[in-house]
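**Student:** If you scroll down you'll find the structure; I have some questions about it.
All of the numbers you see were taken from the coordinates with simple rules; none came from a lab. Bear in mind the structure is a predicted one, so any value in this text is a computation, not a measurement. In this analysis, Cβ positions are derived from the backbone assuming ideal geometry, glycine residues included, and neighbour counts consider all displayed protein chains.
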Amino acid sequence: MGQSDTQITVLVAEYDADVQQIICYTLRSYADNIIPVTDATDALTALEDVSPSLLFVDLNLPQLGSSGLMDSINDRLDSGDLRVIVTSSYSMRDLPVDLHPACGILKKPFDVAALRSVIEEQIARA
């Protein structure tokens with residue numbers, strides 16, 4: 001990602017400051033521009049201003065919640081313009097929203113190896 005001629009922008013919508021910091025730090029190896037936000041409203045605003053290649057979204061985002069955010073980006077997911085990695089402490093069968101098939105999932109708690117793996121998986125799908 002970060003090694004191509006194309007600028008890579010990643011939006012990280014994560015309310016937990018420690019988790020957000022780990023994700024952003026790890027993304028520095030893959031992305032040129034990383035935009036951290038802490039709630040769904042700020043994520044929607046950022047999505048209007050920039051066109052990220054990848055979106056990290058926690059399923060427990062404050063305000064609109066992740067389901068409102070996911071509903072608003074489904075068209076971009078269908079067109080392949082955006083890759084999404086969902087983070088959640090829920091088990092797969094207990095997820096509170098139906099996820100688009102293009103979404104990667106990162107189960108919390110996670111380690112850096114799992115984080116890198118899901119990032120690389122989504123990059124390969126781009």
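**Student:** Please arrange Asp58, Asp18 by counting, for each residue, the other beta carbons lying within 10 Å of its beta carbon, fewest first.
**Tutor:** Fewest-to-most ranking of Asp58, Asp18: Asp18, Asp58.
**Student:** Given the stretch 9-125 reduced to its alpha-carbon atoms as identical point scatterers, what log10 I(q)/I(0) does the Debye formula return at q = 0.13, 0.22 Å⁻¹?
**Tutor:** -0.42, -1.42
**Student:** In the neighborhood of Glu14, defined by Cβ-to-Cβ distances under 14 Å, what is the net charge if each Lys or Arg adds +1 and each Asp or Glu adds -1?
**Tutor:** -4
**Student:** Just to confirm a number: summing +1 for Lys and Arg and -1 for Asp and Glu over residues other than Asp81 whose beta-carbon lies under 13 angstrom from that of Asp81, what do you get?
**Tutor:** That works out to +1.
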